[in-house]
Amino acid sequence: MLTGRTGDGEGIAVGAVLLRYVVAAALVRAASTGAAVALVALAVDATGPGGNGPAVGGLLAAMLTAPTLLGPVCARPLDRACDGRWVLAASCVLFAGALAVGAVLVGRAPVGVAAAVIGVAGLTTPLLTGGLSSRLSALADPEVDAQRRAEGWDAVTYGLAGTAGPAAVGAIVAVATPLASVVGLACAALVGAALLTTLPLPRPSGGDAPAAGPGRVVRLVAAPGPLRRVLVASTLTAVAAGGLLVVAVVLGGELTTAAGAGPALAAAFGLGGLGASAVVAVLPLRAEPERLTIRLTAVLAVAIAGCALAPGFGSALVAFGVAGAVNGVLFPASLAARSTYSPPEARAGVFVTMAGAKTAAASAGTAVTGIALALGPRAVLACSAAVVAVAAVAAVLDRRAAPGPPAPAQTSTPWHAR
């Protein structure tokens, strides 16, 4: 359910608002996720057989993700806005327009020009991910269960987007052209923008202080405390998880000669994560967010080690599903930590900075995994488990070095109570 413990009429209103958020977030994030796949397909199609399409496509895809490192800068307009829906909707429109124009330029203009335009679309992606999540707490009831349930649904939108975006690109390319798939993604982002304008996305309560600048945001997440520990745990976990799907494809081919074995392991991981996030949306997390994030990080290390030790395809299928499920609970736990400990005047900055670090780490993990696979998939999985274990241990040691309960930042007043 999408409502908290409000009166019947008020609960229905809150549920309707959250439903629109889920649909809008899934649409814009699916457009963002599918764009990289569509641009690679478009570049290969534009250059023809034997051309430099893969290299061009890789460059364009990189231009979509590289700007996530500018999260503290990109998020400041949202932290300063009294009504965040217009900033977020404008970001969606800019993303759609730049993506479509950049796609049209591929093969028709110098690569640098097309890449620069795609880079403009990339500048908006931090707001479509962490920026959008940073305003979610104001849509749900302030009661803890309602907040955690909303964060579970937010995690579901990421899971749906990660599956539906590339799948939609594949379906459209099969019946039309890669350019048509890009246009379809741009249209999805525009529909998401229209839905976002119907949402009450006020500035978090307590946020009358001037919006934090990029330097202060960086200092907030780097200073000793819960945000730093969750950032370290999430970033190192993303390094391991970023290459997990690549390893799954190779390991599946080693375990059995059946066609599609590798993609099946990758699908088990994805479906496990999506299912677990959906469960969290119905049965919200109740533990203290930072402590829960650290514990789940340790459990994920064990789950990935299980993938490395799986003796056969059936057991590997189960192991990857379990690892995906743990990851699917870990993500909303980390969202809860960001929401709990982010000060109102830097809320979007903290969300976007941590999301950007995670995205960059996942990309680095994918690249490193591709090289390390020369050692064999089981060795890579063992190294991934070790990296995640180090993340958990580092967070525990940091927490013990700074005793005392973490102080939550002020939570947002729900829109319907203002």
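Of the residues that make up the stretch 317-325, is at least one under 30 Å from residue 142 (Cα atoms) and either of a type in the set (A, V, I, L, M) or without any contact (Cβ under 8 Å) to a residue 40 or more places away in the chain (or both)? Yes, the stretch 317-325 has at least one match. Checked against the criterion of being among the hydroxyl-bearing types (Ser, Thr, Tyr), touching a residue at least 40 places away in the same chain (Cβ under 8 Å) and under 17 Å from residue 249 (Cα atoms), the candidates 366, 293, 353 yield just one match: 366. Take the conditions buried (at least 18 other Cβ atoms within 10 Å of the Cβ) and assigned to a helix (DSSP H, G or I) and apply them to residue 333. Does it pass? Against the criterion (buried (at least 18 other Cβ atoms within 10 Å of the Cβ) and assigned to a helix (DSSP H, G or I)), residue 333 qualifies. Meeting the requirement of 1 or more residues that are outside the structural domain of residue 349 (by TED's automatic domain parsing) and in contact with a Phe, Trp or Tyr (Cβ under 6 Å, 6 or more places away or on another chain), the helices (runs of 4 or more DSSP H) wholly within the stretch 70-180 are 111-126, 144-175. Residues of the stretch 307-325 that are under 19 Å from the mean Cα position of the chain (by Cα) and either buried (at least 24 other Cβ atoms within 10 Å of the Cβ) or not assigned by TED's automatic domain parsing to the domain that holds residue 387 (or both): 323, 324. The set of residues in the stretch 246-264 that are free of Cβ contacts under 8 Å to residues at least 40 places away in the same chain and assigned to a helix (DSSP H, G or I) comprises 249, 253, 262, 263.
Residue 367: assigned to a helix (DSSP H, G or I), among the small types (Gly, Ala, Ser) and modelled with pLDDT under 85, yes or no?
Against the criterion (assigned to a helix (DSSP H, G or I), among the small types (Gly, Ala, Ser) and modelled with pLDDT under 85), residue 367 qualifies.
Considering the stretch 352-407, the residues that are more than 14 Å from residue 298 (Cα to Cα) and of a type in the set (S, T, N, Q) include one that is surrounded by the most Cβ atoms within 10 Å (Cβ to Cβ), namely 353. Please go through the stretch 254-285 and give me each residue that is modelled with pLDDT of 85 or more, surrounded by fewer than 17 Cβ atoms within 10 Å (Cβ to Cβ) and of a type outside the set (Val, Ile, Thr), ordered by number. 254, 275, 283 - these are the residues of the stretch 254-285 that are modelled with pLDDT of 85 or more, surrounded by fewer than 17 Cβ atoms within 10 Å (Cβ to Cβ) and of a type outside the set (Val, Ile, Thr).
Sort through 173, 106, 93 and tell me the only one that's in contact (Cβ under 8 Å) with a residue 60 or more places away in the chain and surrounded by 24 or more Cβ atoms within 10 Å (Cβ to Cβ).
106
Considering the conditions (1) farther than 24 Å from residue 20 by Cα; (2) crowded, with 24+ Cβ neighbours inside 10 Å, residue 130 is excluded by exactly one of them, (1). Considering 170, 206, 159, the condition of being within 29 Å of residue 393 (Cα to Cα) and at pLDDT below 90 is satisfied by 159 alone.
The values are calculated or read from the model by the stated rules, or taken from the named source; none is laboratory data. Not measured: the values here are computed from a predicted model. Here the Cβ is made from the backbone with ideal geometry for all residues, glycine too, and neighbour counts use every protein chain on show.
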